Amino acid sequence: MPVRPNFNPDYLYFVTTTAERHIHIFKNDSIIRIILDSLHFLRTNKRMELFAFVIMPNHIHIIGRFGKEYSLSDVMRDFKRHTARQIIRQLQAKENTDTLNLLQQLNEDNRQEYKVWEDDYDARDVFSIEFLEQKLNYLHHNPCQPQWNLADVPEDYPWSSARFYIADKPIVIPVDDVRDLFI
């Protein structure tokens, strides 16, 4: 069951959102780029501070802080709506009928033609430095887990913030350095 704490704009949140029925739709570089561009937009337009992220084949994790003007639920709603539309447009442009048919079949409630994301998301407030370190470690090492085997070491996986935190190297989109909060 998804956890949704009482929103506090001063807190950091560890957020997970998943593709409908955990389908592996976030594997193609052009689809991943849609997600990255959307996260970058949210950060540069001050809708959230983005501290860490990983894009997996069927879900994403982020650590962020959301302001009073744009709450966590507002940002997640807008992010999922926008990325779903862009992903569908990309699939249509590439004439990927197999994936489009699958996304259409997943839409059981007929509120939309295609179903990309699960309706809900999981958000946990980051209540301690230890919890933050645990979640940073978890999301950065997720691609290295045996069930995924997407990278040998976290900093080799291009679709995360691991390279920034572990190797102090640039990554595909900038992030806010969470270490600056504790100096």
* To do: Consider Pro57 carefully, then state whether it is in a loop (DSSP other than H, G, I, E, B) and surrounded by fewer than 15 Cβ atoms within 10 Å (Cβ to Cβ).
  => no
* All but one of (1) modelled with pLDDT under 95; (2) of a type outside the set (A, V, I, L, M); (3) open to solvent by less than 60 Å² (accessible area, probe 1.4 Å) hold for Phe182, so report the exception by its number. => (3)
* Asked: Looking at (1) open to solvent by 40 Å² or more (accessible area, probe 1.4 Å); (2) touching a Phe, Trp or Tyr at 6+ places or on another chain (Cβ under 7 Å), which is the one condition that is false for Asp156?
  -> (2)
* Consider only pairs whose beta carbons are under 6 Å apart and that are at least six residues apart or on different chains; among these, list those whose first residue lies in the range 38-57 and is in contact (Cβ under 8 Å) with a residue 24 or more places away in the chain and more than 17 Å from Asp74 (Cβ to Cβ) and whose second residue is of a type in the set (Val, Ile, Thr) and outside any loop (DSSP other than H, G, I, E, B). => Phe51/Ile63; Phe51/Val178; Ala52/Ile63; Phe53/Ile62; Ile55/Ile32; Ile55/Ile35
* Asked: Just one of the numbered conditions (1) in contact with a Ser or Thr (Cβ under 6 Å, 6 or more places away or on another chain); (2) open to solvent by 20 Å² or more (accessible area, probe 1.4 Å) is not true of Ala167; which one?
  -> (1)
* Asked: Would you pick out the residues in the range 22-33 that are part of a helix (DSSP H, G or I), open to solvent by 10 Å² or more (accessible area, probe 1.4 Å) and under 14 Å from Thr99 (Cβ atoms)?
  -> Ser30
* Test Arg65 against the criterion of being charged (D, E, K, R) and either open to solvent by 60 Å² or more (accessible area, probe 1.4 Å) or in contact with a Cys (Cβ under 9 Å, 6 or more places away or on another chain) (or both), and give yes or no. => no
* Structure fact -> Checked against (1) modelled with pLDDT under 95; (2) in contact with a strand residue (DSSP E or B) (Cβ under 8 Å, 6 or more places away or on another chain); (3) farther than 30 Å from Ile129 by Cβ; (4) not small (Gly, Ala, Ser), Thr83 satisfies every condition except (1)
* Asked: When only residues in the range 129-183 that are part of a helix (DSSP H, G or I) and among the aromatic types (Phe, Trp, Tyr) count, which is nearest to Leu42 (Cα to Cα)?
  -> Phe164
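The values are calculated or read from the model by the stated rules, or taken from the named source; none is laboratory data. Computed from a prediction, not measured in an experiment: that's the story for all the values here. Glycine gets a Cβ as well: all are built from the backbone with ideal geometry, and neighbour counts include every protein chain shown. Note: areas computed on protein heavy atoms with side chains; ligands, DNA, RNA excluded. Shrake-Rupley method; radii C 1.70, N 1.55, O 1.52, S 1.80 Å.
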